[in-house]
Amino acid sequence: MDYDLYDRIETVDTNDKSITYEYDDFGRIKRENNEVLDKTIIYEYNEFAPRHHRHVQQRRPSDLLYMSEL
C-alpha cells in the first residue's frame, strides 16, 4: 500500500492490478479507480450528509452501471 502526505491510502496493489484513491480538499474520498473490479467509483458529497451519491461505472466512462442516493 502507498500513502499520500496526509497518511491516506493512495494505492493498493493486488498481484498485477491496483486500486487507486483520490481525495477532495476535505480529505473525503472522491474517486476510486479499481482495476480488480474493472470499475471506477465516484463519490459526491453535500454539506449536510457524509456521502450524498455513489456512482459506479465500468472503466469506460460511457457505461454508467449504478447510481444510488445514500
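The values are calculated or read from the model by the stated rules, or taken from the named source; none is laboratory data. In this text, all values refer to a predicted model and were calculated from it rather than measured experimentally. Positions of Cβ are generated from backbone atoms using ideal geometry, with glycine treated the same way; all protein chains shown enter the neighbour counts. Heads up: the accessible areas ignore ligands, DNA and RNA and are worked out on the full protein's heavy atoms, side chains in. Shrake-Rupley method; radii C 1.70, N 1.55, O 1.52, S 1.80 Å.
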Worksheet item: For segment 28-50, does any single residue satisfy the condition of being open to solvent by 50 Å² or more (accessible area, probe 1.4 Å), at pLDDT below 75 and under 11 Å from the mean Cα position of the chain (by Cα)?
Response: no
Worksheet item: How do the pairs read when you match residues in segment 1-15 that are touching a residue at least 12 places away in the same chain (Cβ under 8 Å) with residues anywhere that are outside any strand (DSSP E or B), using Cβ under 9 Å and keeping only pairs 6 or more apart or on different chains?
Response: TYR6/GLY27; ARG8/GLY27; ILE9/MET1; ASP13/MET1; THR14/GLU35; THR14/VAL36
